[in-house]
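Chemist: Handing you this structure, nothing more for now.
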Amino acid sequence: MSLKLLPLPAADLWLDTGFLTVAKADALLAVLTDAVPWQQQPIRLFGREVLQPRLTAWYGDAGAAYSYSGLHLEPLPWLPALAELRQQVEQAAGCLFNSVLLNLYRTGQDSMGYHADDEPELGPAPTIASVTLGATRTFRLKPRPAAFPSGAPLPESFSLPLTSGSLLIMRGATQQHWFHALPKTTRPVGPRLNLTFRQVTNV
Ligand SMILES: O=C(O)CCC(=O)C(=O)O
Ligand SMILES: [Mn+2]
């Protein structure tokens, strides 16, 4: 399929809704749900230790460690299914990735709060390639107020349903200008597995 540019000011955001076939996405969801040693990590939030509202795993080349929200993650070695998907994503994105963060949202109550992927090891203008498997959930973006001229109205927030087998690519200044989140939903939804491929540069 093909990537389409999304209409977001001061961003560089691309979506391919047909990156993987439904059959391929279903098969990959089953393999990874089973093979990945999922963990629910504690993070510090406003000075308190709480469990993340989702399960995670970090895979990458040797040395591709990643730190966020006070967590330090050492990479697991690539599973064959992940190595194959990495190649496919690299071809679509036109760049290389040495790691991938997996997030498993078990139900509509699992979520990710607003943040930017702006950790120093990602560099100033990272390309992040996000593959979704399983349930459709809404991905939201809102402008970072400090990144836009004061006095002028801020651009509107943006909502995007991410369907199974889709590929979303965030490039360039997207992280500098926008926060993103995966909010909770009260709709009954099945599990959703999201993979964000990244290039970390502390290796
Ligand atoms: O689940 C998603 O679509 C977003 C994941 C995300 O933002 C992240 O892993 O940093
Ligand atoms: Mn993110």
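The values are calculated or read from the model by the stated rules, or taken from the named source; none is laboratory data. The shown structure was predicted, so the numbers you read here are calculated from the model rather than taken from an experiment. Glycine also receives a Cβ, built like all others from the backbone with ideal geometry; neighbour counts cover every protein chain displayed.
Chemist: Here is a list: G94, G18, G70, G63. Which entry is modelled with pLDDT of 95 or more and on the phi > 0 side of the Ramachandran plot?
Modeler: Numbers: G18 fails: on the phi > 0 side of the Ramachandran plot; G70 fails: modelled with pLDDT of 95 or more; G63 fails: modelled with pLDDT of 95 or more.
Only one candidate passes the filter, namely G94.
Condition check ((1) farther than 24 Å from Q199 by Cβ; (2) of a type outside the set (G, A, S); (3) outside any loop (DSSP other than H, G, I, E, B); (4) at pLDDT below 95) across all residues:
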{"position": "A57", "(1), (2), (3), (4)": "no, no, yes, no"}
{"position": "E84", "(1), (2), (3), (4)": "no, yes, yes, no"}
{"position": "T132", "(1), (2), (3), (4)": "no, yes, yes, no"}
{"position": "R140", "(1), (2), (3), (4)": "yes, yes, yes, no"}
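Chemist: Ok, one more. Checking the structure you have, find out if any residue of the stretch 95-115 is in contact with a Phe, Trp or Tyr (Cβ under 8 Å, 6 or more places away or on another chain), closer than 29 Å to E74 by Cβ and assigned to a helix (DSSP H, G or I).
Modeler: There is no residue in the stretch 95-115 that is in contact with a Phe, Trp or Tyr (Cβ under 8 Å, 6 or more places away or on another chain), closer than 29 Å to E74 by Cβ and assigned to a helix (DSSP H, G or I).
Chemist: Ok, one more. Being out of contact with any Phe, Trp or Tyr (no Cβ under 7 Å at 6 or more places or on another chain), at pLDDT 95 or above and closer than 23 Å to L73 by Cα, is that true of even one residue in the stretch 153-170?
Modeler: Scanning the stretch 153-170, I find at least one residue that is out of contact with any Phe, Trp or Tyr (no Cβ under 7 Å at 6 or more places or on another chain), at pLDDT 95 or above and closer than 23 Å to L73 by Cα, so the answer is yes.
Chemist: (1) over 14 Å from the mean Cα position of the chain (by Cα); (2) within 15 Å of ligand 2 (Cβ to nearest atom); (3) closer than 27 Å to A62 by Cβ: which one isn't true of L122, the others all being true?
Modeler: In the conditions (1) over 14 Å from the mean Cα position of the chain (by Cα); (2) within 15 Å of ligand 2 (Cβ to nearest atom); (3) closer than 27 Å to A62 by Cβ, L122 misses (1) alone.
Chemist: Which of the residues belonging to the stretch 191-203 are in contact with a strand residue (DSSP E or B) (Cβ under 6 Å, 6 or more places away or on another chain) and either within 12 Å of ligand 1 (Cβ to nearest atom) or over 22 Å from A92 (Cβ atoms) (or both)?
Modeler: Of the residues in the stretch 191-203, the ones in contact with a strand residue (DSSP E or B) (Cβ under 6 Å, 6 or more places away or on another chain) are 191-198, 200.
Passing the criteria: P191, R192, L193, N194, L195, T196, F197, R198.
Chemist: Touching a residue at least 40 places away in the same chain (Cβ under 8 Å) and near ligand 1 (Cβ under 10 Å from one of its atoms) - does that describe any residue in the stretch 145-158? Spell out the reasoning first.
Modeler: At the first step, the residues of the stretch 145-158 found to be touching a residue at least 40 places away in the same chain (Cβ under 8 Å) are 147-148, 155, 158.
Then keep just the ones that are near ligand 1 (Cβ under 10 Å from one of its atoms); that gives none.
Within the stretch 145-158, not a single residue is touching a residue at least 40 places away in the same chain (Cβ under 8 Å) and near ligand 1 (Cβ under 10 Å from one of its atoms).
Chemist: In addition: Are any residues in the stretch 159-202 small (G, A, S), touching a residue at least 24 places away in the same chain (Cβ under 8 Å) and over 30 Å from G63 (Cα atoms), and if so, which ones?
Modeler: Pass one, the stretch 159-202, residues small (G, A, S): 159, 164-166, 172-173, 181, 190.
Filter again for touching a residue at least 24 places away in the same chain (Cβ under 8 Å), leaving 164-166, 172-173, 181, 190.
Answer for the stretch 159-202, where residues must be small (G, A, S), touching a residue at least 24 places away in the same chain (Cβ under 8 Å) and over 30 Å from G63 (Cα atoms): S164, G190.
Chemist: Still on this structure, I have one more. Considering the stretch 19-52 alone, what residues qualify as being of a type outside the set (S, T, N, Q), assigned to a loop (DSSP other than H, G, I, E, B) and touching a residue at least 60 places away in the same chain (Cβ under 8 Å)? Outline the logic, then answer.
Modeler: Here is the first cut: in the stretch 19-52, the residues of a type outside the set (S, T, N, Q) are 19-20, 22-32, 34-38, 42-51.
Checking which are assigned to a loop (DSSP other than H, G, I, E, B) leaves us with 19-20, 36-38, 46-47.
The answer is F19, L20, V36, W38.
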